[in-house]
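Taking it in order: structure first as structure tokens, then the write-up.
The values are calculated or read from the model by the stated rules, or taken from the named source; none is laboratory data. As the structure is a prediction and not an experimental result, all values here were calculated from the model. So basically every Cβ, Gly included, is an ideal-geometry build from the backbone, and we count neighbours across all protein chains shown.
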Amino acid sequence: MQKSLLLSLLLLVACTSAPVTTETTDASLQPYLTGTPASTASPNVLVILDTPVPTNTPQVYIIESGDTISEIADKFKIPQSDLLATNPDADPNALVIGQTLIIPDSSAQPVVASTLTPIPVPVTQAACHPTADSGLWCFALIQNNTVDPLENISAQITLFDENMNPAASQIAYPPLDIIAPNSSLPVSVYFPNIAGNFTPQIQILSAMQGSGASLLPGVLNNTVTQINWDGKFAKVNGEVTLPVESTAATRVWVAAVAYDKNGTVVGVKRWDGGGLQPGSSIHFEFVVPSLGGVIEAVDLAIQVR
């Protein structure tokens, strides 16, 4: 299936690594300004430029008390992997009551969404992390080293076993619709009920350069990241401000990408805010958990539309 993405705003802001003087009453949290981690070695990357991307007609479901990913998937008669691939910001181990899930239409037939050839983009790392429910979260970090926004990004992540036989494959998407110039965002996907040692390979399915003509100038302000003492989660907070000369925004997204000391992606979370009027600000605060090692740094990115 293909995720059809509209042109929107992304302004990626990575704060400096200077220490924060803000006091905190929680001694188990370490406050600091977010910083950009070092790049890691390139993974096994297989770039395929002419693969058509399937697309389905989705519907919406609002999470209720007692819901689980498996029960929701059973209710709509779809694979858990499809449900989680369509909702990369949903944590299967900690569903939030009232959160909206996109339910893909399992009866829809795959169709070719576009005949455009995706541009080649660098994939600087790929990493997979096992979960407590015998699943596997996989990330691939996509880099936009151009001066234009990168949009309509999707990638196929295929797992190969020790004999280099394909074991599973899913389409992965980034947490935001656009990757800003000279910045990076990961695509992510969840593989349920899979155990063993696997090597991920990445196929770029779609990637296009946008003009940025419709972008709104949202700005991140007063951002602080607090990492728990064991590095298993980080709390981020701050403000998104829309300049007075801008037009009104209908939605604000903030994405947090957590990295370990080696610069490997270990967690991704997206916060979904409401509308924003010109000259005003909206406060955000949320937690990004680690699905792998100890969190060392967190990068923030915003999208306003």
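Every residue, every condition in (1) out of contact with any Lys or Arg (no Cβ under 8 Å at 6 or more places or on another chain); (2) within 28 Å of ASN152 (Cβ to Cβ); (3) not assigned by TED's automatic domain parsing to the domain that holds ALA256, yes or no:
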| position | (1), (2), (3) |
| --- | --- |
| TYR190 | yes, yes, yes |
| ASN197 | yes, no, yes |
| ILE204 | yes, yes, yes |
| THR223 | yes, yes, no |
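Considering VAL268, VAL288, VAL254, VAL294, which residue is of a type in the set (A, V, I, L, M, F, W, C), touching a residue at least 60 places away in the same chain (Cβ under 8 Å) and buried (at least 21 other Cβ atoms within 10 Å of the Cβ)?
VAL268
What residue, among those in the range 33-77 that are modelled with pLDDT of 75 or more and touching a strand residue (DSSP E or B) at 6+ places or on another chain (Cβ under 7 Å), is surrounded by the fewest Cβ atoms within 10 Å (Cβ to Cβ)?
Looking at residues that are modelled with pLDDT of 75 or more and touching a strand residue (DSSP E or B) at 6+ places or on another chain (Cβ under 7 Å), I get ILE62.
Residue by residue through the range 95-149, note down the ones that are at pLDDT 90 or above, over 26 Å from GLY273 (Cα atoms) and of a type in the set (A, V, I, L, M).
VAL123, ALA126, ALA127, LEU136
Does the range 204-225 contain any residue that is within 19 Å of the chain's Cα centre (by Cα), surrounded by 15 or more Cβ atoms within 10 Å (Cβ to Cβ), farther than 25 Å from ILE302 by Cβ and not aliphatic (A, V, I, L, M)?
no
Would you confirm, using the coordinates I've provided, whether ASN221 is free of Cβ contacts under 8 Å to residues at least 60 places away in the same chain and either closer than 23 Å to VAL266 by Cβ or part of a strand (DSSP E or B) (or both)?
Judged against the criteria, ASN221 is not a match.
Residues that are over 26 Å from LEU216 (Cβ atoms): find the strands (runs of 3 or more DSSP E) completely inside the range 255-305 holding 3 or more of those.
Qualifying strands (runs of 3 or more DSSP E): 265-273.
Out of ALA155, ALA140, report the one residue that is in contact (Cβ under 8 Å) with a residue 60 or more places away in the chain and assigned to a strand (DSSP E or B).
Answer to the check: ALA140.
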